[in-house]
Amino acid sequence: MGRARGTLVVRRRDIDVHPRPAGGDFDERTVVPFAVPDGLVGALGVYCVNTRERVLMVTYDDGPHESDTARILDVLEEHGARATFFVLAQQARRHPEVVRRMVRDGHEVALHGEDHRSLTTMSALEALRTIRRARRDVERIAGVRLRTYRPPYGHHSTLQSLLLALAGLRVVLWSGDAQDWVDGDADHVASLGRQAAFPGGMLLLHDNRADPETLQPGQALPAFDRAAVAQMLLEGLAADGYRLVTVTDAMRDHQPVRSMARQRMRGQ
Ligand SMILES: [Zn+2]
């Protein structure tokens with residue numbers, strides 16, 4: 001029931017609930033009440049891993065950015081922390097040296113797509129073609145294979161993620177964020193990130209904002225110092241006893257927790 005190949009499949013609402021049943025507390029209570037066929041399990045997005053160990057996946061989306069990413073890499077290096085960068089191919093082509101530094105520094109380079117277009121605007125085959133081309137280009141720049149993919153906005157259909165899984169890319173979502181896609185006080189952004197951490201959690205951060213056109217009325221684009229946020233956040237997480245690991249390493253060492261995507265659960 002729900003378990004297959006070391007994976008735990010939970011109901012989406014069991015990830016959203018506060019306090020969420022994490023830190024190794026995902027158990028049979030939260031397993032979906034129906035058997036998920038093995039072939040489908042691999043297509044479900046990974047939200048976190050099921051462990052009581054204080055490991056945390058820090059992930060950065062939408063980059064690399066011309067200057068902020070290198071400054072964040074400096075902070076990670078200072079803390080001996082490993083992160084995962086979900087890069088856009090169009091940004092990677094502009095800043096290939098930054099992508100190569102991510103690899104050299106021991107971080108995971110992962111894929112966020114060609115650009116920030118939602119997969120809901122594409123057929124399954126168009127999405128697969130676009131993502132394969134983006135993956136090939138980023139792999140040429142990075143010199144490593146990419147294993148994980150995070151769809152912009154978390155949007156994807158079951159068929160799209162099935163095709164991606166068959167192509168060897170695991171769909172990865174996230175368990176918490178710091179609302180760093182809009183402007184805010186750097187201390188506040190860092191504290192939101194710290195509060196969203198739990199053992200086995202996956203924190204969504206940004207080293208760039210790729211979709212400024214989606215800014216809502218009353219919101220401002222981020223003007224805070226992203227490296228300063230990283231510095232405060234990493235100090236806080238270290239004080240809380242967290243070790244920062246890449247997504248692929250966390251999924252190798254711990255049981256991945258998967259669920260239906262949020263928009264699928266709402267029947268959209
Ligand atoms: Zn994004």
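Here, each number is a calculation from the coordinates, and none is a lab measurement. Keep in mind that this is a model prediction, so the values were computed, not measured. Here Cβ is always computed from backbone atoms with ideal geometry, including for glycine, and neighbour counts include all displayed protein chains.
Phi angles across region 194-210 convert, under the Karplus curve 6.51 cos²θ - 1.76 cosθ + 1.60 with θ = phi - 60°, into 3J(HN,Hα) values of 5, 5, 7, 6, 8, x, x, x, 10, 9, 8, 10, 10, 9, 6, 10, 8 Hz, Gly and Pro given as x.
Cα-based values for the chain, radius of gyration first and Dmax second, are 17.4, 48 Å. Neighbours of Arg82, meaning other residues whose beta-carbon lies under 11 angstrom from its beta-carbon, give a summed charge of -3 when Lys and Arg score +1 and Asp and Glu score -1.
Other residues whose C-beta falls under 13 angstrom from the C-beta of Ala220 contribute a net charge of -2, scoring Lys and Arg +1 and Asp and Glu -1.
Subtract the Cα-Cα distance of Gln179 and Arg100 from 0.36 nm times their separation in residues, and report this length gain in nm to one decimal.
Stretched out fully, the Gln179 to Arg100 stretch lengthens by 25.7 nm.
Taking other residues whose beta carbon is less than 11 angstrom from the beta carbon of Arg150, and scoring Lys, Arg as +1 and Asp, Glu as -1, yields -1. Per-residue ellipticity at 222 nm computed for the chain from its helices equals -10500 deg cm²/dmol, with DSSP H segments shorter than 4 residues left out and the rest contributing -39,500 (n - 2.57).
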